[in-house]
Every structure is written in structure tokens, then in C-alpha cells.
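Engineer: Supplied in C-alpha cells, the structure appears directly below.
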Amino acid sequence: MKIGGTFMKIEELTNIAELIAKDISNQITEEEKSELDKWKNLSKRNAALYKKLYKWENYKKHNVLYSEIDVDKGWDAVAQKTDKNTVRIMARVYMKYAAAAVVFIVMTLGSYSYLKKISAKKNSTAEVTSIVPGTNSARIILADGKIVDLDKVNISGLSEK
């Protein structure tokens, strides 16, 4: 930014603004006062800006505007918004933990149920029926449920289709 014929950095501008504010409120030191005077003497624009800022009417006008601001009302609004945001943030945090807990519980119960079924299958013994010795005859059960006793059938009469 170009002020008084020279380019100034934001830090320098901020410093000048602080010096002007300290001078207006009579809190400026001698060293700071000489730095401010040096800045004012750099150009006529700097001196005009300083005079404009220092004028009592401008200060009084701005002071009236600032005095009309209801600080308590503003802080109440900030506190109210902060409380709402805090509740929302806490709700989100708790919801994350609740979701994680639900997933953990479901996985644990599912694993327990699955492992219980597997161990039940391992521990169960198949019911073994003893096979009794048969006879010397052979029988065929056809698809339609008929039983053909091969001892009674003439084998030469059977043919392949």
C-alpha cells in the first residue's frame, strides 16, 4: 500500500494505527511519539490523515456510535450461539461413540452366535445305525417305487434301452 509517497507493509500500517490510537488516548511514550512525528512529516497526506483521525468531532461521533452498542446483549447472543454449538458438537461426539459401541456389540454377538454354532457342530456326534447283515438276494427300487427282486426275475429277459 502506498502512503505518503512510499510503500508500507501491513505491519508498519498496523504499527502507525496503534501509535495514533495511543496518542489519541494519551498513552503514548516519548519514543513512540517521535516515531509517529517522523511518519507525519513524511508527507502532507500522512499529516492530513493524522489530523482527521485526531479531530475531536470524529472521535466524539464514533464514541456516540460505540456507546449505543448494547454490549450485554451482544455477549448474550454470543453465549447463546456458543451453547447451541457446544450441544451440537457434544451430540455429534456422543453419536460417534454410540455408533461405534453398537457396531462393537453387534459384531460381538454375531461372532458369539457363529462360534457357538460351530462348536455345537463339532461336539455333536452323528447317530450311527448299525448295518445288519443282509441276505443273498438283490433288489432294485425303480423310480416309480416298484421293487424288483433280481432272484425272481429272468436276467436274460432284461435288455438295455
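The values are calculated or read from the model by the stated rules, or taken from the named source; none is laboratory data. Model, not experiment: these values are computed from the prediction. Here the Cβ is made from the backbone with ideal geometry for all residues, glycine too, and neighbour counts use every protein chain on show. Remember, those area values only see protein heavy atoms, side chains included, never the ligands or the DNA or RNA. Shrake-Rupley method; radii C 1.70, N 1.55, O 1.52, S 1.80 Å.
Engineer: Read through the list (1) modelled with pLDDT under 85; (2) open to solvent by less than 100 Å² (accessible area, probe 1.4 Å), then give the number of the only condition that F7 fails.
Structural biologist: Unmet condition: (2).
Engineer: Tally up the residues in the range 12-26 that are modelled with pLDDT under 85 and exposed (fewer than 12 other Cβ atoms within 10 Å of the Cβ), please.
Structural biologist: 2
Engineer: Also, quick follow-up: Collect the residues in the range 34-53 that are within 15 Å of A17 (Cβ to Cβ) and open to solvent by less than 100 Å² (accessible area, probe 1.4 Å), keeping them in residue-number order.
Structural biologist: Listed by number, the residues that qualify are E35, L36, W39, K40, N46, L49, Y50, L53.
Engineer: Under the condition of being open to solvent by less than 80 Å² (accessible area, probe 1.4 Å) and small (G, A, S), which residue from the range 128-151 is modelled with the lowest pLDDT?
Structural biologist: Ranking the qualifying residues of the range 128-151, first place goes to G134.
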